[in-house]
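Participant: Provided herewith is a single structure, encoded as structure tokens, for subsequent inquiry.
The values are calculated or read from the model by the stated rules, or taken from the named source; none is laboratory data. Computed from a prediction, not measured in an experiment: that's the story for all the values here. Glycine gets a Cβ as well: all are built from the backbone with ideal geometry, and neighbour counts include every protein chain shown. Ligands, DNA and RNA are excluded from the accessible area calculation, which covers all protein heavy atoms including side chains. Shrake-Rupley method; radii C 1.70, N 1.55, O 1.52, S 1.80 Å.
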Amino acid sequence: MGIFIKVELDDRKCKGLKECGKCVDTCPVRIFLIEKEKININSENEDECTLCNLCLEICPSEAIAVRKLYELEEKGR
Amino acid sequence: MRLYEYEAKKILGSAGIPIPKGDLVFSADQVKEILDRVKAPLVLKPQIPVGGRMKAGGIQFVDNSGEAGEKAKYLLNSSLRGYKIDRLLMEEKLEFEEEFYLAVTYDRSKKSPLIILSSQGGINVEESSDEVITVRFSLLSPFSKYKAHELVSILKLKGPLFLSLSDIICRLTKLFYDYDATLAEINPLVRTAKEAFIALDVHIDIDDDALYRHPELKDKFGIENGERRTSKVTPFEKEAARIDGQDYRGVAGRLVEFEGDLGLLIGGGGASLTVFDAVARYGGSPADYCEIGGNPSVKKLKDLTKLILSKPGVKKIAVIMNITSNSRVDLIARGIIKGVIESGYIPHEKIALFRVPGAWEKEGTKILKKYGVKYYGRDISIDQAAEKAVKILQGN
């Protein structure tokens, strides 16, 4: 699990593999993976996120959120 | 890269150029065994990667077998021209009539390989007033025998000597080409009383940029990636190499183990050596020399940090890089901090200093700040960073 970056996928908005799956092909550090025909987050790779935002740009339903944990906690202090 | 004399001689011997009988000695105990094959009188030649050994008094002559062990022991406990002597070439001492000089090198101004030949070789060749013959040639075709004959004829040699020297010139030019050498020098090339030429001392430099084309040097002499291994790879170094090999991204694991207490993750276009030297100069004792560069994955950096922190005696780590345009500070910070945390330590207690002026500094600063680690960028030099790291480790 990432201690710096948290990537979230909103299941209610995600169109799923049959209709989309673009994030799986787009992410350069393989944060999205296919498990049992479903798109999931590979939590082991979350901290590899380069903040390129390609997933945010490619997702047609705005189902992805990338959070910088170090920033969130800083703001929350 | 300059080859040791014994390595250069092996190459010459394989190329068919006559060399004296001899063998390599790493300890005085081996001398006896070699004396069965090489008889006195002998010459003991320290193998160091610089010349001028004779003038510095490093070459020892041995008239009888009895004193060989003693002299070898003395030399193997000495230093010569700043190098600790760890190996000797023990060779038969040859009687000779004349010393010649023969070299193949590059004439950089003319962008052409060049043969240099003189009938006056030896240790004072630079001061020789004798004629020095030079001839440029093309690497597109081998240096032909007739051209060699033409060259040697200037020296007015006759018969077997004429043919023998011509042959050596052809073989040396081929060897120069085959090994991507920048210099293949025989000095002296001696003429013995038996009318034969023998290469008494040899110096070969191989173009560093071409070393990747010579994997055979690893098997022959342990030279790999332009570096010479004089000691065995430790399990610690092996593990670091495994970590670096996890994926192709960046460098994180080119490591040499030392015995100190300050773990180093250093890099940036050769700056790693500067950092290492500066740490030592300020009284620090590095636990390792470990290059990082490019953009290694967070996992590679994390695993490498964990490895260094697992080494007994390591008190703190210092991350010091030169100014780089591509290495991302935030990704390096993530990897290092994660490694420290997963090792069970508190980042600001274990990281003596973090000086990485690179890309994404703002993000990197935020991460480091969260974990209480001060960020240094262009505000301090590599030298100052090394000094600070040593002082912090020493509690000053």
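Participant: Please tell me which of these pairs span more than 23 angstrom C-alpha to C-alpha: B:LYS369/B:LYS391; B:LYS238/B:LYS302; B:LYS45/B:LYS84; A:LYS38/B:LYS300?
Facilitator: Correct reply: A:LYS38/B:LYS300.
Participant: Report the Cα centroid-to-centroid distance between the range B:247-304 and the range B:48-89 in angstrom, as an integer.
Facilitator: 35
Participant: Taking 7 Å along the Cα-to-C-beta vector as the label spot, tell me the B:LYS21-B:VAL132 distance in nanometres, rounded to one decimal.
Facilitator: About 3.6 nm separates the two model spin labels.
Participant: Apply the a/c threshold of 1.5 to the C-alpha gyration tensor of the range B:235-393 and tell me whether it is rounded, prolate or oblate.
Facilitator: Verdict is rounded for the range B:235-393.
Participant: Could you pull out every residue, at least 5 positions away or on a different chain, whose amide H is within less than 5 Å of the one on B:ASP261? Hs are placed 1.01 Å off N in the peptide plane, and Pro or chain starts have none.
Facilitator: Residues meeting the criterion, in which the H sits 1.01 Å from N, are B:SER285, B:ALA287.
Participant: Using only the Cα atoms of the range B:98-221, what are the Rg and Dmax in Å?
Facilitator: Reported Rg and Dmax, both Å: 14.6, 42.
Participant: What number of lysine-lysine pairs in the range B:98-221 show an alpha-carbon separation below 27 angstrom, given a sequence spacing of 8 or more or placement on distinct chains?
Facilitator: Eligible lysine pairs with Cα atoms under 27 Å apart amount to 21.
Participant: Measuring with a 1.4 Å probe in the full set of protein chains, what accessible area per residue, in whole Å², belongs to chain A?
Facilitator: I get 64 Å² per residue for chain A.
Participant: Packing-wise, with mean Cβ within 10 Å as the measure, how do B:344-354, B:373-383, B:292-302, B:210-220 rank, highest first?
Facilitator: B:292-302, B:344-354, B:373-383, B:210-220
Participant: Using a 1.4 Å probe on the protein chains only, how many percent of the accessible area of chain B belongs to carbon and sulfur?
Facilitator: The C+S portion of the solvent-accessible surface of chain B is 51 percent.
Participant: Give me the accessible area per residue for the range B:98-221, probe 1.4 Å, as a whole number in Å².
Facilitator: Result: 53 Å² of accessible area for each residue.
Participant: Between B:ALA280 and B:LEU140, with labels modelled 7 Å along Cα→Cβ, what's the label distance in nm to one decimal, could you check?
Facilitator: About 4.8 nm separates the two model spin labels.
Participant: Separate question: Counting each DSSP H run of 4 or more residues in chain B as -39500 (n - 2.57), what helix-only mean residue ellipticity at 222 nm follows after dividing by all residues, to the nearest 500 deg cm²/dmol?
Facilitator: -10000 deg cm²/dmol
Participant: For peptide B:322-334, compute the average count of partner chain beta-carbon atoms within 10 Å of each residue's beta-carbon.
Facilitator: Mean partner-chain Cβ count within 10 Å for B:322-334: 2.
Participant: Using mean Cβ contacts within 10 Å as the protection proxy, how do B:315-322, B:49-56 order, highest first?
Facilitator: Averaged packing, sorted descending, gives the order B:315-322, B:49-56.
Participant: With a 1.4 Å probe and all protein chains in place, put B:LEU183, B:LEU75 in order of accessible area, largest first.
Facilitator: Solvent-accessible surface, decreasing: B:LEU183, B:LEU75.
Participant: Per residue of A:40-53, how many C-beta atoms from partner chains lie within 10 Å of its own C-beta, taken as a mean?
Facilitator: What the average comes to for A:40-53 is 3.
Participant: Then there is this: Run the quick spin-label model on A:CYS52 and B:ASN64: label points 7 Å from Cα toward the beta carbon, then report their separation in nm to one decimal.
Facilitator: 7.7
Participant: Is there a simple number for the mean count of other chain Cβ atoms within 10 Å of the Cβ of residues in B:359-369, and what is it?
Facilitator: Whole-number average of other-chain Cβ neighbours for B:359-369 is 2.
Participant: FRET efficiency for B:LYS391 and B:SER310, Cβ-Cβ distance as r, R0 = 22 Å, nearest 0.05?
Facilitator: 0.30
Participant: Right, something else. Between B:TYR212 and B:ILE346, what is 0.36 nm times their sequence separation minus the Cα-Cα distance? Round to one decimal in nm.
Facilitator: 44.0 nm
Participant: Hey, can you list the DSSP H helices of chain B whose Cα span along the axis is 24 Å or longer and whose average Kyte-Doolittle score is at least -0.5?
Facilitator: B:159-178
Participant: Could you give the length gained by full extension between B:ARG249 and B:LEU114, i.e. 0.36 nm per residue of separation minus their alpha carbon distance, to one decimal place?
Facilitator: So the extension gain works out to 44.4 nm.
Participant: How many square angstrom of accessible surface are buried between A and B, both sides summed, with a 1.4 Å probe and rounding to 100?
Facilitator: Chains A and B together bury roughly 1500 Å² of accessible area.
Participant: Heavy atoms only, probe 1.4 Å: what % of the accessible area of chain A goes to carbon and sulfur, would you let me know?
Facilitator: Carbon and sulfur atoms account for 46 percent of the accessible area of chain A.
Participant: Accessible area of B:PHE197, 1.4 Å probe, to the nearest 10 Å²?
Facilitator: 0
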